[in-house]
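Asker: Below is one structure. I have some questions about it.
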Amino acid sequence: MSMMGGPAENPELWAFLESLHCGEVLTGTITAIERFGVFVALDDGPGHPVFPGVGFISFAELSWRRFEAATDVVQVGQRVSCEFLQFDTWNLEARLSLKAAQPDPFQVFADTIAVGRKLPGRVTKLIPFGVFVQVADGIEGLVHLRDLACTPVEDPADVVQVGDEITVVVTEIDRERRRLALSRRQSSSGSQHWRHSDNE
């Protein structure tokens, strides 16, 4: 049985939630930002008996980009359009996705580049097996340790630091996993080899 009770206790709310379809776009207003997610008062739905809104967005569904706090993405009082994911019968709420209603910047980026393309980037993070490099707004790729320099590197910090501007070459675009593989090694060798891709 649901925590909030079945259709008998909240017939209007239950009927509204059962009428929604996955992928449907719902509009509403952000009413509360909690540590576990964001509540949305839906324009067309009834109020909720307990929560500040019938709509709920988990942090994973807030944005395609990385963020520190939910307030970096949304504010209380903000109007939003979200995709309906599912009817949460336990909490009697509509699980929503804000990011699904927006274009994925990774796919947009992948449409504009090809493997072999040289890109300017900025080092954002060093990890034991490589470095992350931001090549566009919200787009980061990994340069594996073996692709960081022409000679073997033991520690990324020996070669680059966070904040360094470097030139990289795209070696792989994985649309499904939204991953970008980059190399710095190839970007320094014979530039004429890559010139054909500059005007793609």
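The values are calculated or read from the model by the stated rules, or taken from the named source; none is laboratory data. Please read these numbers as outputs of a predicted model, since none were measured by experiment. A quick note on method: Cβ atoms are made from the backbone with ideal geometry, for glycine too, and the neighbour counts reach across all protein chains shown. Note: areas computed on protein heavy atoms with side chains; ligands, DNA, RNA excluded. Shrake-Rupley method; radii C 1.70, N 1.55, O 1.52, S 1.80 Å.
Asker: Quick one: in the range 82-132, which of the residues that are more than 19 Å from F67 (Cβ to Cβ) and of a type in the set (V, I, T) is surrounded by the most Cβ atoms within 10 Å (Cβ to Cβ)?
Answerer: Looking at the filtered set, the residue picked out is V131.
Asker: Among A60, A94, which is within 30 Å of G5 (Cβ to Cβ), part of a strand (DSSP E or B) and of a type in the set (G, A, S)?
Answerer: Matching residue, one of A60, A94: A94.
Asker: Another question about this same structure. Going by the structure shown, is L42 free of Cβ contacts under 8 Å to residues at least 40 places away in the same chain and surrounded by 19 or more Cβ atoms within 10 Å (Cβ to Cβ)? Spell out how you get there, then give the answer.
Answerer: Details: free of Cβ contacts under 8 Å to residues at least 40 places away in the same chain: no; surrounded by 19 or more Cβ atoms within 10 Å (Cβ to Cβ): yes.
So L42 does not fit the description; no.
Asker: A follow-up question, please. Which one is nearest to T89 (Cα to Cα) among residues in the range 39-78 that are among the β-branched types (V, I, T) and within 20 Å of the chain's Cα centre (by Cα)?
Answerer: I57
Asker: Taking the range 141-172 only, how many residues are open to solvent by 50 Å² or more (accessible area, probe 1.4 Å) and not in a loop (DSSP other than H, G, I, E, B)?
Answerer: 7
Asker: Look through G77, G121 and report the one residue that is in a strand (DSSP E or B) and either touching a residue at least 60 places away in the same chain (Cβ under 8 Å) or not polar (S, T, N, Q) (or both). Reasoning before the result, please.
Answerer: On the way: G77 fails: in a strand (DSSP E or B).
Matching residue, one of G77, G121: G121.
Asker: Next up: Provide a single number: the residues in the range 27-36 that are in contact (Cβ under 8 Å) with a residue 24 or more places away in the chain and either touching a Leu at 6+ places or on another chain (Cβ under 9 Å) or within 13 Å of L62 (Cβ to Cβ) (or both).
Answerer: Of the residues in the range 27-36, 5 are in contact (Cβ under 8 Å) with a residue 24 or more places away in the chain and either touching a Leu at 6+ places or on another chain (Cβ under 9 Å) or within 13 Å of L62 (Cβ to Cβ) (or both).
Asker: Also, quick follow-up: Here are some conditions: (1) more than 20 Å from the chain's Cα centre (by Cα); (2) small (G, A, S); (3) at pLDDT below 95. A101 meets all but one. Which one does it not meet?
Answerer: (1)
Asker: For the range 45-62, how many residues meet the condition of being surrounded by fewer than 18 Cβ atoms within 10 Å (Cβ to Cβ) and closer than 17 Å to V25 by Cα?
Answerer: Number of matching residues: 2.
Asker: Looking at this structure, is D137 touching a residue at least 12 places away in the same chain (Cβ under 8 Å) and of a type in the set (D, E, K, R)?
Answerer: yes
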